[in-house]
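Heads up: the structure comes next, in structure tokens.
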Amino acid sequence: MKKNLCWLRRDLRLKDNHALGRALTEGNETFLCFVFDTRILSSLNDPLDRRLTFIIESLQEIEKQLQDYGSSLIILHGDPVEEIPRLMKDKNLDALYYNRDYEPYAKLRDQKVEKKLHALNIKTYSFKDHVFYEKEEIKNGSGKYYQVFTPYKNKWLETFYNQEKVVPHFNCPSEKLAKHFGDKNVLRHDWWTEIGFIKTKNEIKGGREDGKKKLRQFRKSISHYHETRDFPFLNATSHLSAYIRMGNISIREMINAALETESKGADVWLNEIIWREFYQMILDSHPEVEKHCYRRQYDQLKWEGKKKDFQDWCNGKTGFPIVDAAMKCLNATGFMHNRLRMIVASFLTKTLLIDWKKGERYFAEKLMDYDLASNNGGWQWCASTGVDAQPYFRIFNPVTQSEKFDPEGEFIRKWCPELIYLSNKEIHSPHDIEDYPAPIVSYQEQKVKALKMFKLIE
DNA sequence: TGAAATGTTGGGGCG
DNA sequence: ACGCCCCAACATTTC
């Protein structure tokens, strides 16, 4: 009689889950648990953090399904390094199954958990699930990790088309779930208030059902993705980022969706998935990028931006409509279109001259889909301090970008109602509008300073 | 997944 | 018909 524990973390689904599938097939009875990690929770600044609601919704859905199978989810609250071994000892479980996470904190945590369990004679098994290829699988001719995206992508695709005839799917036979009811009933609508959570009202609901709905919806327009994706008002992106972040949808399901329609749009979307894999690989192989510039000499950059400007950027009060609209959207919804992320990141770093790490932290606080690897990679790309970053002299002009990607000002009008009556021509760079701030800096002057700042390091 | 300055080309207006 | 200028439109260079 082999009793297993599958520890869910950022893989909140019961279908196509590698660790769960293996736990179920290799054991006689499998328990499922999720830990609200107090170390992570205590680092959150906001009790109204949207992501907690998303996670709770995902867990509620899982609990409902488990109850249909006569099982239940075990919810723990504490430090996983203590909680997981305690649970396994209490229930006399034989082996732990989990999917690997490539963030520095998670790697250290999992290492500690394993060490404790091994001391208790409990076996541990970890699996690749969160990415399609792990860092060791995609390397260049001389056995090194890629530093440039395009050759990485080529190798990724070559590997994919040469080796993988099909995208694997992991079966999760539900009959082997433990007949068990957890200590906390996640269906009870207010149990989380006991540990200090407050539920938020979000535009998107957590869980696999809603993720699948989004994917189904996106499939209809995926063939146009390459033409429409850059225009925030069109909402032509998949909006799946939060679902892939929490694992409501598996990476294999995403890749399958990209492969099923042969089109330019689907290729470009797959490309974005490969960017995600690229940054996961970078974080796994270079954990120091969490706190430092990938190109370490840029840790010396003298960011001279003012605190007040940072506040204005956060609050969407810079006087540059596209930037302000984007930030208000982020603050109100926890989401921001990718094009806008690039615009506001370029603006913060190269126009306001504020360290990318401050912007990266702000996004970490606000984004529903926040993922350390992608967020850090994206910010360092924009700030020109990272792997395969844009050259430092590539500086976005917020007005030009606005004219190009929101030509009719539709996105701006949605989030800056005080500008609603301006013409398409005026709206990108308004003057003397009541209730709307004048530009807090001169783009032209700041651009010169940015170039100087980088030249000092070069 | 720039922007802006500078250089080149070619068609049209006009003396 | 011709040269000259103007100026888009496009290409190249620079940061």
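The values are calculated or read from the model by the stated rules, or taken from the named source; none is laboratory data. Predicted model only: the values in this text are computed from it and were never measured. Backbone-built Cβ (ideal geometry, glycine too); neighbour counts: all protein chains shown.
May I ask you to say which residue of A:53, A:25 is among the β-branched types (Val, Ile, Thr), part of a helix (DSSP H, G or I) and in contact with a Ser or Thr (Cβ under 6 Å, 6 or more places away or on another chain)?
None of the other options fit; the residue is A:53.
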Give the residues of region A:186-199 that are surrounded by 15 or more Cβ atoms within 10 Å (Cβ to Cβ) and in a loop (DSSP other than H, G, I, E, B), sorted by residue number.
A:186, A:197, A:199
Answer yes if at least one residue in region A:421-429 is within 16 Å of DNA strand C (Cβ to nearest atom) and either under 32 Å from the mean Cα position of the chain (by Cα) or basic (Lys, Arg) (or both), and no otherwise.
no
Top-ranked residue of region A:418-458 - restricted to ones that are within 16 Å of DNA strand B (Cβ to nearest atom) and acidic (Asp, Glu), ranked as modelled with the lowest pLDDT
A:458
Do we find that residue A:375 is within 11 Å of DNA strand B (Cβ to nearest atom) and at pLDDT 95 or above in this structure?
no
May I ask you to say which residue of A:304, A:277 is outside any helix (DSSP H, G or I) and either away from DNA strand B (no atom under 15 Å from the Cβ) or modelled with pLDDT of 95 or more (or both)?
A:304
Kindly provide the set of residues from region A:430-445 that are within 16 Å of DNA strand C (Cβ to nearest atom) and within 19 Å of residue A:403 (Cβ to Cβ), ordered by number.
A:443, A:444
Answer yes or no as to whether residue A:107 is crowded, with 17+ Cβ neighbours inside 10 Å, in contact with an Asp or Glu (Cβ under 9 Å, 6 or more places away or on another chain) and within 22 Å of residue A:287 (Cβ to Cβ).
no
Checking A:256, A:202 in turn, the sole residue that is assigned to a helix (DSSP H, G or I) and over 16 Å from the mean Cα position of the chain (by Cα) turns out to be A:256
I'd like to verify a number: residues in region A:309-342 that are under 18 Å from the mean Cα position of the chain (by Cα) and either at pLDDT below 95 or under 12 Å from residue A:359 (Cα atoms) (or both), how many?
3
Which numbered condition in (1) among the charged types (D, E, K, R); (2) under 24 Å from residue A:51 (Cα atoms); (3) within 11 Å of DNA strand B (Cβ to nearest atom); (4) surrounded by 23 or more Cβ atoms within 10 Å (Cβ to Cβ) is the only one that residue A:350 fails?
(2)
Out of region A:155-175, which residues are over 23 Å from residue A:144 (Cβ atoms), outside any loop (DSSP other than H, G, I, E, B) and of a type outside the set (Ser, Thr, Tyr)?
A:175
